[in-house]
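Here is the structure we will look at, set down as structure tokens.
The values are calculated or read from the model by the stated rules, or taken from the named source; none is laboratory data. Every value quoted in this text rests on a predicted model; they were computed, and no experiment measured them. Cβ coordinates were reconstructed from backbone atoms using ideal geometry, including for glycine residues, and neighbour counts include every protein chain displayed.
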Amino acid sequence: MKRSEPESSINKAYLPTQELWLATEPLLPVEKPKPKGGRPRGDAQQLFNAMFYVLRTGIQWKALPSQLGAASTAHDRYQERVKAGVFEELWHLGLMQNQVEGQLDWEWQSIDSASSKAPLGGESVGANPTDRGKGGTKRHIITEAMAYPLP
């Protein structure tokens with residue numbers, strides 16, 4: 001039997017604002033028509049709320065409160081939107097908004113990197129120069145003075 005969470009179990013501070021949803025909605029991929037019919041897709045805003053909740057709280061997808069929708073559906077839509085570049089475009093829009101508002105300090109930047117093993121990376125990873133040619137991945141991040149990550 002599935003446990004039912006009370007409505008109060010969802011901390012509203014972890015849900016996106018209506019303003020963020022309105023900025024995100026135009027970035028969503030167009031839904032493909034289903035010529036054979038089938039079950040209608042879930043509400044896009046509710047699924048965005050679920051994705052945001054998981055990303056903001058750090059919980060596992062399967063721990064998603066049932067009021068936010070099915071965890072498997074939310075995860076599937078999340079994967080689709082990552083592949084479509086929705087979150088990367090949202091990040092770029094956020095940086096542009098911060099620039100317009102004068103919140104970016106371009107006088108100073110910081111860069112950091114980390115190298116790690118990528119045992120399941122297959123052909124998508126190259127040689128890791130810090131690990132004697134073993135397969136790996138290298139991650140870099142650059143931020144401006146206020147610590148906003150830059151592309």
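Does Trp106 meet the test of being exposed (fewer than 15 other Cβ atoms within 10 Å of the Cβ), within 30 Å of Met146 (Cβ to Cβ) and out of contact with any Pro (no Cβ under 7 Å at 6 or more places or on another chain)? Here the answer is yes, as Trp106 does meet what is asked.
For the stretch 32-39, the condition of being without any contact (Cβ under 8 Å) to a residue 24 or more places away in the chain and touching a Leu at 6+ places or on another chain (Cβ under 9 Å) holds for none of the residues. Taking the residues in the stretch 63-90 that are exposed (fewer than 14 other Cβ atoms within 10 Å of the Cβ) and closer than 22 Å to Ala13 by Cβ as candidates, determine which candidate is modelled with the lowest pLDDT. So the residue we want is Ser66. For the criterion of being surrounded by 14 or more Cβ atoms within 10 Å (Cβ to Cβ) and closer than 23 Å to Leu93 by Cβ, Leu55 fails.
When residues in the stretch 1-44 are screened for being surrounded by 10 or more Cβ atoms within 10 Å (Cβ to Cβ) and either among the basic types (Lys, Arg) or modelled with pLDDT of 95 or more (or both), 2 of them pass.
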